[in-house]
Amino acid sequence: MNAAATRERGKGAAPNVRISIRSVGMDKPRAWLAAGFEDFRQAMSVSLAYGMFWVGLSVAVTAGAFTLGLWHWLLPLVAGFMFIGPLVAVGSYGISRALEAGRAPNLGDAFGAWKGHAGQLAMMGVMMMIFFLAWIRLATLLFALFFGFEAPSPETLYASLLTTTDGLMMLVVGTAIGSVLAFGAFTISVVAIPTLMDQDLTFMEGIEASIRSVSKNFRPMLLWAVILTGCVLVGVMTFYIGLALILPVLGHASWHAYEDLVRIEPLEELHS
């Protein structure tokens, strides 16, 4: 293990630990998905209930946007889900951890998974919200640049996106900017959030572990980012229904990704 991987903690804090990052191959994303499906199969009722909760919330937000006349916000909001997805997955991490402990998971494991390290997870939530708000702001500016400040009708807007030069240009530019922001959010959070849920670490240590994981395994992690994005898009295209399965499976898979990538050892054990 590299000495540079050692992180010293302040006096009176949790024991000093060494955080090391493993190298993984291009076959690992598929293995993580397989492990995620297996966890879903073993805890189907709880996982499905957790997924349905987020489906219901997504439907409620969509209905609310149309009711309030804010339907033109739906596209950036749906795209912005990629920034908060890692936080949504916390419940799935709790279910997977219960399975590994040999327990039958329940909804308490899903909805109470954040309680042990609420403060540090909340700080990660703030970081992800910064990315989300930056995306919303940029999406607003792009919309004004290509369509002006008056929102057209839903039929006109969504038809224009695919049939006019301005609409296609906005999609291209928005996708490019969103992809950069989304990959940045992915880089700081992909293993940070499961690490913080599982270990007594600060959110900055979690972010560092996540950045190092992506840096050390760039190609497999880029593939994993593409898989996550593609699966979520499929779920959204099924009018959210597919997310009831996709969200928990991806959450379980991300837990196994964390376990494969991150190794945390107390220094006391290393020196004994």
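Here is a yes/no grid of residues against (1) more than 16 Å from the chain's Cα centre (by Cα); (2) surrounded by 12 or more Cβ atoms within 10 Å (Cβ to Cβ); (3) assigned to a helix (DSSP H, G or I):
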site: Leu87; (1), (2), (3): no, yes, yes
site: Pro105; (1), (2), (3): yes, yes, no
site: Gly116; (1), (2), (3): yes, yes, yes
site: Met123; (1), (2), (3): no, yes, yes
| message | So the check is Cβ under 9 Å with 6+ separation or different chains; which pairs have a first residue in region 192-211 that's without any contact (Cβ under 8 Å) to a residue 40 or more places away in the chain and a second one that's of a type outside the set (Lys, Arg) and not in a helix (DSSP H, G or I)? | response | Ser210/Val190; Ser210/Val191; Ser210/Val262
| Has region 10-19 got at least one residue that is modelled with pLDDT of 95 or more, more than 18 Å from the chain's Cα centre (by Cα) and open to solvent by 70 Å² or more (accessible area, probe 1.4 Å)? | no
| task | For Arg22, work out the one condition from (1) open to solvent by 50 Å² or more (accessible area, probe 1.4 Å); (2) out of contact with any strand residue (DSSP E or B) (no Cβ under 7 Å at 6 or more places or on another chain) it doesn't fulfil. | result | (2)
| remark: The condition from (1) open to solvent by less than 50 Å² (accessible area, probe 1.4 Å); (2) farther than 25 Å from Val191 by Cβ; (3) out of contact with any Leu (no Cβ under 7 Å at 6 or more places or on another chain) that Ala49 misses is numbered (3)
| Pairs with Cβ under 9 Å, 6+ apart, first in region 71-92 and within 17 Å of Cys231 (Cα to Cα), second modelled with pLDDT of 85 or more and assigned to a loop (DSSP other than H, G, I, E, B) | Pro86/Val190; Leu87/Trp114; Ser92/Ala113
| task | Restrict the check to region 26-35 and report whether at least one residue is open to solvent by 60 Å² or more (accessible area, probe 1.4 Å), acidic (Asp, Glu) and part of a helix (DSSP H, G or I). | result | no
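The values are calculated or read from the model by the stated rules, or taken from the named source; none is laboratory data. Keep in mind that what you see is a predicted model, and the values were worked out from it rather than measured. Note: ideal-geometry Cβ built from the backbone for every residue, glycine included; neighbour counts use all protein chains shown. Note: areas computed on protein heavy atoms with side chains; ligands, DNA, RNA excluded. Shrake-Rupley method; radii C 1.70, N 1.55, O 1.52, S 1.80 Å.
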